[in-house]
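Have a look at the structure below before the remarks.
The values are calculated or read from the model by the stated rules, or taken from the named source; none is laboratory data. What you see is a predicted model; the values in this text were computed from it and never measured. All Cβ positions, glycine included, derive from the backbone under ideal geometry; neighbour counts span all protein chains shown. Only protein heavy atoms, including side chains, enter the accessible area calculation; ligands, DNA and RNA are left aside. Shrake-Rupley method; radii C 1.70, N 1.55, O 1.52, S 1.80 Å.
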Amino acid sequence: MAVERIMERYTSRVREVTLGATAEQGGTRSHTITVGGDSTLPFLHFEGEVPHRPVLALEVNDVPPAWHQLLLEHYRDVLDDPGAWAAKAVRQFGADLVCLRLVGADPDGENRSPEECAQVVRRVLEAVKVPLIVIGCGDADKDNEVMPAVAEAGAGENLLLGIATQENYKTLTAACMVHKHNIIAQSPIDINICKQLNILISEMNMPLDRIVIDPTLGALGYGIEYTYSIMERIRLGALGGDSMLAMPVIVNVGYEAWRAKEANVPESEFPRWGDQPTRAVLWEAMTGAHGLQAGAHIVILRNPDALRLLRRHIEQLMVPNRA
Amino acid sequence: MGLTGLEIYKQLPKKNCGECGPPTCLAFAMQLASGKATLDACPYISQEAREALQSAAAPPIRLVTLGAGDHVLEIGDETVLFRHDKTFYHPAGIFIEVGDDLDEAAMDERLRAIGELEFERVGQQYRVDGVALRATSGDADRFLRLAQKAAAAVPWNFVIVCQDPALAEPVVRLLASRRPLLYAATDDNWEKMVQLAEEHQIPLGVCGRDLDHLAELVTKITQRGYRELVIDPGSRETSQVLADLTQIRRLAIKKKFRPFGYPTIAFTSEPDATTEIIQAQVYVGKYASLVVLRQAWRRSEILPLLTWRTNVFTDPQKPIQVEPRVYEVGDVRDDSPVYVTTNFSLTYFSVEAEVEASKIPGYIVVVNTEGTSVLTAYAAGKFTPEAVAEALQRSGIADRVKHREVIIPGHVAVMSGKLQELSGWKVIVGPREAAGIPAFVRSRYAA
Ligand code: SF4
């Protein structure tokens, strides 16, 4: 019995964004990474194109973080050196790209100067040849001092810089435009703010193919379904021709998953939740996997074991399927 | 998906005899459309018209049940492709496979572990739905032995994975009162399998070689009159299963394609437990009604999958709420800080996680805001100084701490004065986002 399949015909697709720049392009990366370009829902190869596989980043901090032992054990030998840390993330653990988080700039922490932060960025750019994501410390005022210095230090490298929010996007947008970088536009689990922020950023003449959406994916068990549905709506909006939703999506999975109690409590305290190492890896990998199903293009992780699981999973999702 | 009065009217005899109650066929059709009458009231309706009307009025995906008594598992009866369009109604059943080739001790151990896969997290109870018994050895005694052990060790539901009707029969007989799913009818065995399922009134899995073949097989079986079916397109690779389950769901809902109007079952194929859980995650969200795991069974592997199932089957229109009362985080003392927040579970659990992360024990007083977040509740007049003062009063927190300081979310700083006046508590304005709690509380309250 020949069953007539339902093939959705979408009018548009997700925009492609390219990160990094090779020597010919004015940078020093060994290659670039392009994300997006999808003309269907996640991994429905039978009715559209998924031209680029989603990519996996590992997070690197500029100061030794107060992470859980289960994470720190992977990085113990490199915690004091972001360059060595990045190199380990790429060479040993197979990260597609590095996400450098400038925690050291935090005024409540080490309060490092913009120049010190720029120096760390240079160090990481020397240590690895993959495209780089750089995220500020989260203090809006301080990030507005630090990120322009970072943008300048990375001029020509076509970085992905964050994080722009509705309350604080102008300085970062300007820095990205002057030095030709890409920007992460973050909205708090809200499709209207997501769209609005993309409009605001583009009104400053930022090209649309240099914006990446961060929809604030919650961790598994902590409201992930809200962002999941918003991401599905973002993708449907993009495919339906809404230009201000047609950006690739980045999800900050390692950070969120490690806020979950399920990643942090030992089996001795919660015997009925089972062994913590497996539970913690799966909490992070599952959070990332849900992100992929909802349309994520870049997944930022912390645990190399979670990266390994998602790497295999992505390979399988990228196998062509037939209707 | 109901029919309109006119659509129904077209199928009626148009005698206008009034024997059904209302004076005309059209009036009767209107009553049928609004659910105020049933077809049986018309003595003249033809058999074809009756079938056409019943099938058109049936839901796009049939509701099928496994189990009996306290352990009924309802699957199917979904109406949308995206949860944001309405909701997903019937959480995917999760089964763990055990083969009859295991030695006795391993079999006992595994079944015991499965029978204990119940969890509690964030105030909710989770559990797996049962065990899938696979006839691996080909030995009828072994298979029956496995079923006997499973029946004793696992209180929930069963899938009988066996394509040989003779081998399956004793196991079906043993478990019949617990309404297992018999898996599966194929090209070779379908007539006997249908007979077996029908005799015991249990649901039957149907496994095709691909979508076309599945539709053909289902049609043959339904023409024989059996409709308690769970369908399987036969694919096992993640990417193809996703494609097939998507087509089945689309065809059932958008085209009301009857052969695919049944719940679905998916089997994982990954070689180890952790990658298998990630694979199963795809099927739970898109669009398997039952998922059978073959490797994972440890608590740390199952909890993440059950959590995902609960998340994705949460009704987007009905936010989960926590009970409005005082919650203790850590080893609280009478000088521990007191926070207030709303009863929207996402808000509450973010606050709880951060209080816990701060390593400074604290009390959280939850105000009933009907499941809305701080800003929404404030805007809607549900998180007012009066409401907070009353919650403080009712919660009895004053008896548990010797101080009178309450931390409110930074977003509602404007209520400080009024709240202080109404409650008599000193109001401390906390951070706007829960993520700011550890830094805030550490700088303010030495551990
Ligand atoms: S009994 Fe049947 S034929 Fe007679 S009026 Fe009612 S619907 Fe029409």
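Some observations on this one:
- Options B:Leu175, B:Leu146, B:Leu182, B:Leu242: the member that is open to solvent by less than 10 Å² (accessible area, probe 1.4 Å), within 26 Å of B:Ser55 (Cβ to Cβ) and not acidic (Asp, Glu): B:Leu182
- Output for the range A:169-190, where each listed residue is β-branched (Val, Ile, Thr) and at pLDDT 95 or above: A:Thr171, A:Thr173, A:Val178, A:Ile183, A:Ile184
- Unique match (being at the interface with another protein chain (Cβ under 8 Å from one of its Cβ atoms) and either in contact with a strand residue (DSSP E or B) (Cβ under 7 Å, 6 or more places away or on another chain) or part of a helix (DSSP H, G or I) (or both)) among A:Leu309, A:Leu292: A:Leu309
- The requirement of being among the β-branched types (Val, Ile, Thr), surrounded by 13 or more Cβ atoms within 10 Å (Cβ to Cβ), within 16 Å of the ligand (Cβ to nearest atom) and without any contact (Cβ under 8 Å) to a residue 40 or more places away in the chain is fulfilled nowhere in the range B:3-10; no residue meets it.
Residues checked against (1) of a type outside the set (D, E, K, R); (2) out of contact with any strand residue (DSSP E or B) (no Cβ under 7 Å at 6 or more places or on another chain):
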| position | (1), (2) |
| --- | --- |
| A:Arg15 | no, no |
| A:Glu24 | no, yes |
| A:Thr32 | yes, no |
| A:Val35 | yes, no |
| A:Thr40 | yes, yes |
| A:His45 | yes, yes |
| A:Pro65 | yes, yes |
| A:Asp80 | no, yes |
| A:Ala95 | yes, no |
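- Residue that is farthest from B:Leu306 (Cα to Cα) [pool: residues in the range B:106-125 that are modelled with pLDDT of 95 or more and open to solvent by less than 10 Å² (accessible area, probe 1.4 Å)]: B:Met107
- Hits in the range A:198-229 (condition: open to solvent by 20 Å² or more (accessible area, probe 1.4 Å) and at the interface with chain B (Cβ under 9 Å from one of its Cβ atoms)): A:Tyr222, A:Tyr226
- The strands (runs of 3 or more DSSP E) found entirely in the range B:309-409 that carry 1 or more residues being free of Cβ contacts under 8 Å to residues at least 60 places away in the same chain are B:326-329, B:338-342, B:362-367.
- Any chance A:Glu232 is assigned to a helix (DSSP H, G or I) and free of Cβ contacts under 8 Å to residues at least 40 places away in the same chain: no
- Only listed residue being more than 8 Å from the ligand (Cβ to nearest atom), closer than 30 Å to B:Thr264 by Cα and among the polar types (S, T, N, Q), chosen from B:Ser46, B:Ser55: B:Ser55
- Criterion applied to B:Leu63, B:Leu73 was being more than 10 Å from the ligand (Cβ to nearest atom), in contact with a strand residue (DSSP E or B) (Cβ under 6 Å, 6 or more places away or on another chain) and open to solvent by less than 30 Å² (accessible area, probe 1.4 Å), and the one residue passing it is B:Leu73.
- Residue ID - nearest to B:His403 (Cα to Cα), chosen from residues in the range B:428-444 that are β-branched (Val, Ile, Thr) and in a helix (DSSP H, G or I): B:Val441
- Filtering the range A:66-95 to residues that are open to solvent by 20 Å² or more (accessible area, probe 1.4 Å) and not hydrophobic (A, V, I, L, M, F, W, C) leaves A:His68, A:Gln69, A:Glu73, A:His74, A:Arg76, A:Asp77, A:Asp80, A:Asp81, A:Lys88, A:Arg91, A:Gln92, A:Gly94.
- Condition met for B:Lys418 (over 22 Å from B:Asp335 (Cβ atoms) and surrounded by fewer than 21 Cβ atoms within 10 Å (Cβ to Cβ)): yes
- Residue check, B:Leu26 surrounded by 14 or more Cβ atoms within 10 Å (Cβ to Cβ) and part of a loop (DSSP other than H, G, I, E, B): no
- Members of the range A:127-149 found to be in a helix (DSSP H, G or I) and within 17 Å of A:Glu59 (Cα to Cα), listed by number: A:Ala127
- Tally, over the range A:54-65, of residues that are out of contact with any helix residue (DSSP H, G or I) (no Cβ under 8 Å at 6 or more places or on another chain) and either buried (at least 24 other Cβ atoms within 10 Å of the Cβ) or in a loop (DSSP other than H, G, I, E, B) (or both): 2
- Residue count, the range B:209-249 (criterion: within 10 Å of chain A (Cβ to nearest Cβ), among the small types (Gly, Ala, Ser) and not in a helix (DSSP H, G or I)): 1
- Of A:Asp139, A:Asp108, all but one fail to be of a type in the set (Asp, Glu), within 20 Å of the chain's Cα centre (by Cα), farther than 25 Å from A:Pro304 by Cα and open to solvent by 50 Å² or more (accessible area, probe 1.4 Å); the exception is A:Asp139.
- The single condition from (1) of a type outside the set (Ser, Thr, Tyr); (2) away from chain B (no Cβ under 14 Å); (3) open to solvent by 10 Å² or more (accessible area, probe 1.4 Å); (4) assigned to a helix (DSSP H, G or I) that A:Gly254 fails is (3).
- Candidates A:Leu239, A:Leu282, filtered to the one that is of a type outside the set (Phe, Trp, Tyr), open to solvent by less than 10 Å² (accessible area, probe 1.4 Å) and either under 16 Å from the mean Cα position of the chain (by Cα) or closer than 22 Å to B:Arg309 by Cα (or both): A:Leu282
- For the criterion of being β-branched (Val, Ile, Thr) and more than 10 Å from the ligand (Cβ to nearest atom), B:Thr38 passes.
- Checked against the criterion of being among the aromatic types (Phe, Trp, Tyr) and away from chain B (no Cβ under 14 Å), the range A:61-72 contains not a single residue that satisfies it.
- Subset of the range B:286-308 (residues that are out of contact with any His (no Cβ under 7 Å at 6 or more places or on another chain) and assigned to a helix (DSSP H, G or I)): B:Arg299, B:Ser300, B:Glu301, B:Ile302, B:Leu303, B:Pro304, B:Leu305, B:Leu306, B:Thr307
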